[in-house]
Amino acid sequence: MPKILVIYRRELHFYFASPWSYTIAGAFWLLAGFFFVSMLLGPQGVIAQALLRDRLAGDGVPPLDVAYQFLQLFLSLLGTLALFVLPMLSMGLYTGERQRGTLELLATSPVATWAVALGKLLAVLTFFTFMITPLLGWEVIALSTASPPFNLGWLILGHLGLLLLAGAVLSLGMFISSLTESTILAGVLTFGLTLSLWLVDLLTQGWEGTGGDFLQHLSLVKSYNTFVQGILDVSSLGVLLSYIFLGVFLTSQSVESLRRS
């Protein structure tokens, strides 16, 4: 554990000291803030739709749960934004080590390769948590006066799903980063892989049999959406955790191959 913490602190310092990291965070906040306001207060936003529903529906129709509808829309959007942001955060995890000439030192150090990978993953996931924390504050403030009152459990569960999704994408991106010297190539390949896992549920709709069910089970968006809907599903949790463990394991084996060579 102390060795993991050393790697974690080293990598975390790199992220919080890098202008590139803040550029990514700034763009993420700008886009998220724009859509936050548009989805909540815009002409086609949730509040406008609720008022229109109340005027047209008349008595006897239950009011629209604005808080729940907004959380579903906004968390779904954050998942889509994460698809573009996370590969940019993970692409330098090991390519940067190659460019600085320190990958061989890590590969031959007494620290286990899985511990290095885990420390790096925890660091970049911490930075992503830093990125979404202001958004969580916006949501709490905006929905604190909602009627009917919003369920805090939905909010927590939705953001837990977002962190698990981020962990899965970052872990796979870390593995890809360990395979190449090109930071840009690592980012592009991670985006392509993540996009495939994001859309596999859509692409396999209508497929029958065990193969179709298996491929749909691999979908990142399907697993993430269960959290967005406020459902703690063991199967979806298992899928996202499996991607995290798979990425750490493959990264460890990739770096271990350098140690044996």
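Read-outs throughout are calculated quantities, based only on the coordinates presented, and are distinct from any laboratory measurement. None of these values were measured; they are calculated from a predicted model. Note: ideal-geometry Cβ built from the backbone for every residue, glycine included; neighbour counts use all protein chains shown.
Some observations on this one:
- DSSP H segments from the chain that extend 18 Å or more along their own axis, Cα-based, with Kyte-Doolittle mean of 0.5 or above: 19-41, 66-90, 113-143, 152-177, 183-203, 234-260
- With the charge dipole of region 2-260 set up from +1 on Lys and Arg Cβ and -1 on Asp and Glu Cβ about the Cα centre, the Cα lying farthest toward the positive end among the listed residues LEU160, LEU246, PRO149 is that of LEU246.
- Rounded to the nearest 20 debye, dipole of the chain from Cβ charges on Lys, Arg, Asp, Glu: 740
- Between SER76 and ALA48, full extension at 0.36 nm per residue minus the direct alpha carbon distance yields a gain of 8.1 nm.
- The chain: relative contact order as a whole-number percent, Cα under 8 Å and 6+ apart: 26
- Taking the square roots of five times each eigenvalue of the Cα gyration tensor of the chain, the equivalent ellipsoid has semi-axes of 38, 21, 15 Å, listed largest first.
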